[in-house]
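Heads up: the structure comes next, in structure tokens.
Please treat every number below as a calculation from the coordinates, not as lab data. Just so it is clear, the model here is predicted, and its values are computed rather than measured. Here the Cβ is made from the backbone with ideal geometry for all residues, glycine too, and neighbour counts use every protein chain on show.
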Amino acid sequence: MGLNHPHDLQSWSQWQTSQHQLLNRARQLRHRATSQQLILELPTDVPAQLLVALDVVDGPKADRLLSPLNDLATATLSERPTAKPRPGMRRVPQSVTLESMKVLLPGVRAVISHGHYESAGFVAHCWAEETEHAQLIVQHGLLTPFQPPLPEHAHLLAWSAADAEFWASGRDDVSATVVGSQLLADAAASPAATAGRDRPPAYLGQLHGAELPRRGMARAAFTFCRDNNATYRPHPSEIDKLSRAQHALWERRGITIDRRGTPLREHNGPVVAAFSTGVLEAAVRGVPSFVHYPEAPMWLAEFWDRYGMKQWGEEPTPAPWTGADPAAAIRAAVMDVIGRNNG
């Protein structure tokens, strides 16, 4: 099993639109490639060797992409500006286009991002494809068949060999290096002081996701919480009216909703979800973690198997492999690509 749309970003975008998205992302991305004002930041003193496309400009996702590259001469491309340029960086005052990037980035030999499904990544990878520069993709989270495809001729920095094979989905124009997971390595660095199955479990909300029917997600969460005296932890994205109404209904039916927003790493009781990354984050900290979704579709059963996730009632999910030093492995892969593309 692999991606539903292994080659075509536009087909994936149309699927996204069909899942009650407000905008046609295919048309939106192609429009942005020519007219969106993207923000380019360049090193002050040396020519950039690497262009980093940022979907977000702050928070853990951006930090994990940037931190392995701190000592390299990197330029950044983003849709939204940071509060101020990073130390040693200057912001290009004019709007950036594919043509102007050729002038502004003469020393760049590679592009790195989490994918080409958002504006900055789309433009950066279009530019790299047009100029025949190397394209690196860093895996950020767990992979389902609904993942957007890799850019053409991309080199994936994957969590595992199984994930690399899954995301490539049989394509012969992409390649991969296994580097491990920064996210899971960070979680492993904060092991649980005390953890046990005798505490009430927490079910991690995923009502925002398009991968499973909302009705099915709601039924799985409610029945699990009701039958196991579990607390429901809403996903941060569950702030829309429909989700808030769902939470209120569950509360009236006796379910406890945890609205404190405390980090998952502070929870030491059992963690349960349909397919959340939080299951592996908990497992690597030594917290009992499980999956639960009645009558799981074939793709979900394959997903559980690929990540070693165990169903509620079985032995807990074992701690996943994180890689020896994912950040160092990412940096080494980038240096190798830059070295091979110099000159």
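Things to note:
- Cβ-defined net charge surrounding Leu66, 13 Å radius [Lys, Arg +1; Asp, Glu -1]: -1
- Nearest-20 debye value, the chain charge dipole, Cβ charges on Lys, Arg, Asp, Glu: 1200
- Computed P(r) (all Cα pairs; the chain; 10 Å bins; percent): 5, 23, 31, 25, 12, 3, 0
- Under 11 Å, Cβ to Cβ, from Trp127 - net charge with Lys/Arg +1 and Asp/Glu -1: -3
- Positive-end residue, region 202-306 charge dipole about Cα centroid, Cβ charges, pick of Gly205, Thr256, Ser276: Thr256
- Our compactness index for region 223-266, the C-alpha radius of gyration over the empirical 2.2 N^0.38 Å, is 1.16.
- Cleavage-rule hits, trypsin sites (Lys or Arg not before Pro), region 163-224, DSSP coil, Cβ neighbours within 10 Å at most 11: Arg197
- Charge context of Val56, other residues only, Cβ under 12 angstrom, K/R +1, D/E -1: -2
- Take every DSSP beta bridge whose two residues both sit in the chain; close to 15 percent of them are antiparallel.
- Per residue, the convex hull volume that the Cα atoms of region 44-152 enclose (Å³): 104
- Inverting the pair-averaged 1/r between distinct Cα atoms of region 159-305 gives 16.6 Å as its Kirkwood hydrodynamic radius.
- A viscosity of 0.890 mPa s and a temperature of 25 °C, combined with the Kirkwood radius over C-alpha pairs in the Stokes-Einstein formula, give region 244-343 a diffusion coefficient of 149 µm²/s.
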